Amino acid sequence: MDWGTELWDQYDTIEKHTQSGLELVEKYVKFVKERTEIEQNYAKQLRNLSKKYNQKRSSKDEPECRLTSYQSFLDILNEMNDYAGQRELIAENLMMNICIDLTKYLQELKQERKTYLTEAKKAQQSLESTYKQLDTSKKRFEREWREAERAAQNAEKTDQDINATKADVEKAKLHANMKAHTAEDCKNDYASQLQKYNKEQSQFYFNDMPDIFNKLQDLDERRIRKLAQGYILFSDTEKHVMPIIGKCLEGITKAGTNVNEKNDTMFVIEQNKSGFERPGDQEFEDYSQGINRASSDSSLGTPKGPMDLLGKNKSKNFWLFTRKSKFSSSMLTPFSSPPDPLPSNGSPSPKFSREPLSYCLKEINKTVKPRISSFRTLRRSKFTPDKIMPTVTEDFAHLPPEQRRKRLQQKLEEISKDLQKEVDQSEALEKMKDVYEKNPQMGDPASLASQISQTSLKMERLKVELNKYETWLAEAGARGDTLRYKPNVFNNNGAHDALSPDGAHSDESTPDPSQAIYAEFDDDFEDEELVAPIGECTAMYNFPGASEGTISMQEGEVLAVVEEDKGDGWTRVRRNNGDEGYIPTSYVSIRLNK
């Protein structure tokens, strides 16, 4: 069943229906556009939310950021940011695959529909024009036939009139014959127009209009099919990103499972452990027995440190120690000697037995004077962190012992890395100088003197820093043996000597297992085994390789790259036979492995 057969007389209905269908497509496109705007706004709000609660770079170095709960929260923010990206992708796909595509297709349908309706109007106008010609010929035939009948009646009447002459009778008959002939011609013309109209009408109702209606039906079916595809795309667009959205949600779930409360609480301990011992019990001072001041002073017992002298202020002003203002031996310089230890039997030393309180006050004042004027000032102040802040010192003496050890160890590692860089640079400069001396055309050896001198000064300065921090670390009571870094440096002969931080030569170096974090620097300068190539290079020019440490090569020769150029202009390569050496980087084309 089709529209041309069943709806041959429903032109207006078909025209209205097809127009309504196109309006439905427009309505759906508008709906998807508004949905796209909602998705875009949603994604934008999610991104702003993630950005709002994401920490700035300056705050990412805070200790709290290393907690698993904080890290998981940051992971959730990142996952939400990725989730917002998927919502943006949904909006983009909806716009591209539905809105733009359907809008373009809708314009094509409108143009096609307009063409079909124009053809239908032309066919109808042609039929109406033929019908008008038929009606005109019909009316003319009717008029001429009536006139012919009147002329025939008038001729017959004249013929019967006895008073009429023969000429009048002949004239009336001739007129009647003329009218009859004209009426016959109009009749034939009317019959011809009628035949033509019937033919065109049959063509119009059985061929032209059914074809147009069938085309409109096909157009409407294609519109409906395209609209149905748009409906499916509306769902599939979101289904396609659901796996990624699911991964985002799984990431959020994983972030929650990664939270480890034990690790977080242990981290708080490691980050804030002071290393101090708990205060001991207070001695009872019996003033009712009339004990003199000296005996009262001696009843305090052997002071264990300045903390014993605070007495009643412990409960009120204990923040002074928890706020990292410690009055302990760790605040002394690395070269200052600690107080005399107690004898093994526990009896106080003579100095303490004579004047324990005054001596302790004197030692406390020595330590506190650079920061706080006196204990009287402490008693009068309100002890707020904003008013009294510990002075940050180079030896980290302002930190508790445990934190101080960690910071000193970190500082040692940083200095060791910097020293290793300077050693590498020094080696590279010495190699370059040696090459320049043997091949003057490649460069002036004197031009490297300033760089070599600066590198040597930096190395000496770093060694001094390293010794200083090792001394402080030892004074702070590091666990196990003091970590020592013994770098290899160049001597005048170009060989490597193992130097201790104090500059003394050592023939053998037996690193302790506790020094593992520094052991890697010793290994870098020992005789290395064959390492795997990191790429290959092709020689663009000939190189004689006459200098020590270099290797010759011919143009077009392919060599294995063992070590990249470290900024000195030389690359270490190896032949298939195992020969290794340095070549100018600018002489070869290098292709590194990915």
key: Criterion (at pLDDT 85 or above, open to solvent by 40 Å² or more (accessible area, probe 1.4 Å), part of a helix (DSSP H, G or I) and in contact with a helix residue (DSSP H, G or I) (Cβ under 9 Å, 6 or more places away or on another chain)) met by exactly one of 420, 410, 451   = 451
Filtered residue count, the stretch 71-94, keeping only those that are over 22 Å from residue 238 (Cα atoms) and open to solvent by 50 Å² or more (accessible area, probe 1.4 Å) = 3
ask   = Among 305, 280, 275, which is out of contact with any Gly (no Cβ under 6 Å at 6 or more places or on another chain), within 30 Å of residue 406 (Cβ to Cβ), of a type in the set (Gly, Ala, Ser) and at pLDDT 80 or above?
value = 280
query = Do you know which residues across the stretch 58-113 are basic (Lys, Arg) and outside any helix (DSSP H, G or I)?
reply = 60
message = I'd like the full set of residues that are under 18 Å from residue 84 (Cα atoms), open to solvent by 70 Å² or more (accessible area, probe 1.4 Å) and either among the charged types (D, E, K, R) or in contact (Cβ under 8 Å) with a residue 12 or more places away in the chain (or both), limited to the stretch 244-265.
response = 244, 247, 249, 250
key: Conditions (1) of a type outside the set (Phe, Trp, Tyr); (2) under 41 Å from the mean Cα position of the chain (by Cα); (3) at pLDDT 90 or above; number of the one not met by residue 557   = (2)
message = I'm checking my understanding of the structure. Among residues of the stretch 558-586 that are open to solvent by 50 Å² or more (accessible area, probe 1.4 Å) and among the acidic types (Asp, Glu), which one is farthest from residue 422 (Cα to Cα)?
response = 579
message = For the stretch 164-215, which positions are farther than 30 Å from residue 146 by Cβ and either among the acidic types (Asp, Glu) or open to solvent by 70 Å² or more (accessible area, probe 1.4 Å) (or both)?
response = 203, 205, 206, 208, 211, 215
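Matching residues to (1) over 24 Å from residue 437 (Cβ atoms); (2) basic (Lys, Arg):
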residue: 556; (1), (2): yes, no
residue: 566; (1), (2): no, yes
residue: 569; (1), (2): no, no
residue: 572; (1), (2): no, yes
residue: 581; (1), (2): no, no
key: Residue identified as in contact with a Ser or Thr (Cβ under 7 Å, 6 or more places away or on another chain) and surrounded by fewer than 16 Cβ atoms within 10 Å (Cβ to Cβ) among 589, 552   = 589
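Which residue, of 53, 105, is closer than 30 Å to residue 262 by Cβ and among the aromatic types (Phe, Trp, Tyr)?
That would be 53, the only listed residue that is closer than 30 Å to residue 262 by Cβ and among the aromatic types (Phe, Trp, Tyr).
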request  = Report, by residue number, each residue of the stretch 1-46 that is more than 14 Å from residue 95 (Cβ to Cβ), of a type in the set (A, V, I, L, M, F, W, C) and in a helix (DSSP H, G or I).
outcome  = 3, 14, 22, 24, 25, 46
request  = Quick one: which residue in 97, 41, 54 is polar (S, T, N, Q), more than 30 Å from residue 210 (Cα to Cα), surrounded by fewer than 17 Cβ atoms within 10 Å (Cβ to Cβ) and in contact (Cβ under 8 Å) with a residue 12 or more places away in the chain?
outcome  = 54
remark   = Apart from one, (1) surrounded by 15 or more Cβ atoms within 10 Å (Cβ to Cβ); (2) touching a residue at least 24 places away in the same chain (Cβ under 8 Å); (3) touching a strand residue (DSSP E or B) at 6+ places or on another chain (Cβ under 6 Å) all hold for residue 547; the odd one out is (3)
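The values are calculated or read from the model by the stated rules, or taken from the named source; none is laboratory data. Being a predicted model, the structure only gives us computed values, none of them experimental. When we count neighbours, we look across all protein chains shown, and the Cβ atoms used for this are built from the backbone with ideal geometry, even at glycine. Quick note on the areas: whole protein, heavy atoms, side chains included, nothing else; ligands and nucleic acids left out. Shrake-Rupley method; radii C 1.70, N 1.55, O 1.52, S 1.80 Å.
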